[in-house]
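Here's the structure, in structure tokens; my notes come after.
The values are calculated or read from the model by the stated rules, or taken from the named source; none is laboratory data. Small disclaimer: the values here were computed from a predicted structure and weren't measured. Here Cβ is always computed from backbone atoms with ideal geometry, including for glycine, and neighbour counts include all displayed protein chains.
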Amino acid sequence: MNEKKEKVESENWKAEDAREERKERLAQSKDEEGNKKPIKTKNKTGRIISIVLAIVIVIGFVIWFLSSNGFLQTHTKALTVYYDEAAFVNPSDETEETEEAEETKETSEDESAETETETEEKIKGNSIGSVTVSEANIYLGLISQQYLGGAFSEAGQDTLSGDSLYGSGGTLRDDFLTSVEVQAKTGEYFYWQAIENGYELDDAEKEELDGIIDQYSSMASQSQVTLNHYLSIMFGPGVTENVFRDFFTKNTLANKYYKDVVGSFTYDQAIIDETYEANPDNYNEVDYRSYLFTGIKNSSDSEESEDPDLEQAKKDAEDFLAEVTDEASFKKLATTLTIKDETTDEDSTDTEETDTTLSEGSKKASLSTDLGEWLFSDERSANDTTIIEETSGYRVVLFLDKYKPTDTGSYDSRHILFKIEEDDEEKTDEKMKAKAEEILAEYNAGPKTEESFAELAKEYSDDTGSASDGGLYENIAVGSFVPEYEEYAIDPARKEGDVEIVKSSYGYHIVYFISSTEEWQASIQKELLYKDEQDYLTKVNNATSIVREKGIKYFGKP
């Protein structure tokens, strides 16, 4: 009983102590007049700072996580392209303004400084496209592969952080960014035009794109990593197969539109003739013989060459010229001198091998000024001779002929390729030959027109570069294709509509010959095309501008 009483008394004492403590705290919370004191705030600021720091840490972690996983790179703009139609339609004023601006920039003390106001002034027209950080990094990866191996490797990053090649105070990364901007600006413009004009990938282009992906898949397998992991190593975070495929799809459509525009530049015979008549020597060629006297004697007794005796060289040239009457005498004299000077085989009498005096098909642009002026003079006639002084001696020259080159310079054709792949049982030499003969028989059984041939090429050709165009290759310069194909195409006996099977290192081609162009005409067409193409690109450049967005800070960084 006493224990129970003591326990109750102990609990009462504790309760009493607790009441006294509460009274004391309440008394401390009131001022002298009995009013409640305001709550102290000395820890409030600290709590706010702690919360803000926690938020910053969380945001930083989220940004780091999104960046390292490629989310930011894939969804953040790095560049935006604008198009000003007025500048495209009337480029002259724009060009003058651009030239004046460049001159001002060159003389300005603040060349590298660009204010926000200047950036805003540079934006003209409407936005026609944008480039994400991932896309910009793919451009970088493709451009830099031959220089860096891998821009996003540790070694590649060290190199990119090195000094600019132009001494601008920037880095090599800045240099590459400039190159990326050039490609991205025109790429976005042509892609925008392709979409506006309803361009889509055809089956051959899709197959070609699949081939690119397969190549990178193969490289990934060799490195024993997944394709997405390999792409992120080569092109930075966020570059997956889908991003990579979208990038090449855009560029394929852009290139398709550009090729169609350039392909529309055609020139009739009147323009070609007019261009030729304006300056025929730009396209004519000459044949001539020449022999150079240097005043240096061959000496087997001394390893060092003697100093040239130019006076003796001049006299030797004059003596040589005095004995020349025609091409045969020139060749005989030159051959005699060559054999006489030959020290490695004193008994050599092979005039065909030692005759190096003949030059055929020479163009004026490839010759020295004095030699070109003399050979292409309208006063020249066969067997005219002269001596041309050069820095290394005196050259005796015999003029043979000047003419308009009429050999085949380029040709148009269509073909259906049956590619041989010996590791594929369905594409062996024997089977591809049989397939080519089968399709040729199908062509011969039909209307035998260029249009019917084109339809067969679209259906059967293994050449992904031309199948969608019906196997068409236009303005192909001589020397561009495999020898067997070209030998057939440039045969002087070839006529429009000729069709034949030709075997090359690729496989079996069914070739449909369309036409050929003489060399002088092909040169003029190439020259006119180049000029019009450059004029067109200048108009596009003047009408478009590219602006760096905030996401550019992630460019070229893992």
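Can you pull out every residue in segment 234-284 that is without any contact (Cβ under 8 Å) to a residue 60 or more places away in the chain and more than 30 Å from Ala365 (Cα to Cα)? Before the answer, list the steps.
In the first step, residues of segment 234-284 are kept if they are without any contact (Cβ under 8 Å) to a residue 60 or more places away in the chain; the result is 241-242, 245-246, 248-249, 252, 259-260, 264, 266, 268-270, 273-274, 277-279.
Correct list: Glu241, Asn242, Arg245, Asp246, Phe248, Thr249, Thr252, Asp260.
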In segment 153-180, what residues are assigned to a helix (DSSP H, G or I), touching a helix residue (DSSP H, G or I) at 6+ places or on another chain (Cβ under 8 Å) and of a type in the set (D, E, K, R)? Arg173
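So is Gly150 more than 22 Å from the chain's Cα centre (by Cα), modelled with pLDDT under 90, more than 28 Å from Gln534 (Cα to Cα) and not in a helix (DSSP H, G or I) or not? Walk me through it before giving the result.
On the way: more than 22 Å from the chain's Cα centre (by Cα): no; modelled with pLDDT under 90: yes; more than 28 Å from Gln534 (Cα to Cα): yes; not in a helix (DSSP H, G or I): yes.
Here the answer is no, as Gly150 does not meet what is asked.
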Test Ala322 against the criterion of being exposed (fewer than 15 other Cβ atoms within 10 Å of the Cβ) and modelled with pLDDT of 95 or more, and give yes or no. yes
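Please go through segment 76-87 and pick out each residue that is out of contact with any Gly (no Cβ under 6 Å at 6 or more places or on another chain) and either modelled with pLDDT under 85 or part of a strand (DSSP E or B) (or both).
In the first step, residues of segment 76-87 are kept if they are out of contact with any Gly (no Cβ under 6 Å at 6 or more places or on another chain); the result is 79-80, 85-87.
Result: Leu79, Thr80.
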Failed condition for Ser67, given (1) polar (S, T, N, Q); (2) modelled with pLDDT of 90 or more; (3) in a helix (DSSP H, G or I): (2)
Does any residue in segment 175-200 that is assigned by TED's automatic domain parsing to the domain that holds Val547 and crowded, with 19+ Cβ neighbours inside 10 Å come within less than 7 Å, Cβ to Cβ, of a residue that is in a loop (DSSP other than H, G, I, E, B) and among the small types (Gly, Ala, Ser) six or more places away or on a different chain, and which pairs are these? Phe176/Gly556
Answer with yes or no whether Asp163 is at pLDDT 90 or above, acidic (Asp, Glu) and out of contact with any Lys or Arg (no Cβ under 8 Å at 6 or more places or on another chain). yes
